[in-house]
Amino acid sequence: MEDFDEFVRARGDALLRYGFVLAGNSEDAADLVQEALARLGDAWPRVRKKHDPEGYVRTTMVRLHIRSWRRRRREDLVAVVPERGELDRYGDADLWAELQELPRKQRAVLVLRYYEDLSDKEIAEILGVSRGTVRSQAARALDKLRIKRVLQEAR
């Protein structure tokens, strides 16, 4: 189990940043990391032999993220609307704000493609969809981002 502890210490912050990009907030990111690492701990001997524990954790995080979205499929209602949004500690706040407006699957595809630099085939395997679905989701997401930029520039 010492190898597992070393892995968590070495990659924990990177996994938390990845979770933040997927989930959009620190709390959900921490939950994703915690649940994925718990599952990795259970499967550590098997996963370690395949030499890709980080890939296992990241795939698990994406699947957990999508599963939670499928369960909720509704807006998160709050009692009081905050005056300002949470500051983005991990990158470009404007970009993150635009990504947050995308549906979760489209956001996941863009994160996996551009943040993780995965191929369509790898993304399809992680999300459990076809490569065509990956390409169409990416195209729709990029179109939405382009349209939004054009509208902002026209103002």
Taking amide H positions as placed 1.01 Å from N in the peptide plane, with prolines and chain starts having none, which residues 5 or more places from L118, or on another chain, fall under 5 Å of its amide H?
-> R113
Quick one: pull the percent of accessible area on region 11-66 belonging to carbon and sulfur, 1.4 Å probe, ligands and nucleic acids left out.
-> 48
Residue-normalised accessible area of region 1-60, expressed per residue, 1.4 Å probe, Å² = 55
By how many nm would the segment from R131 to E6 grow when fully extended, if each residue of separation counts as 0.36 nm and the alpha-carbon distance is taken off?
-> 41.5 nm
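The values are calculated or read from the model by the stated rules, or taken from the named source; none is laboratory data. This one's a predicted model, so the numbers in the text were calculated from it and none came from an experiment. Heads up: the accessible areas ignore ligands, DNA and RNA and are worked out on the full protein's heavy atoms, side chains in. Shrake-Rupley method; radii C 1.70, N 1.55, O 1.52, S 1.80 Å.
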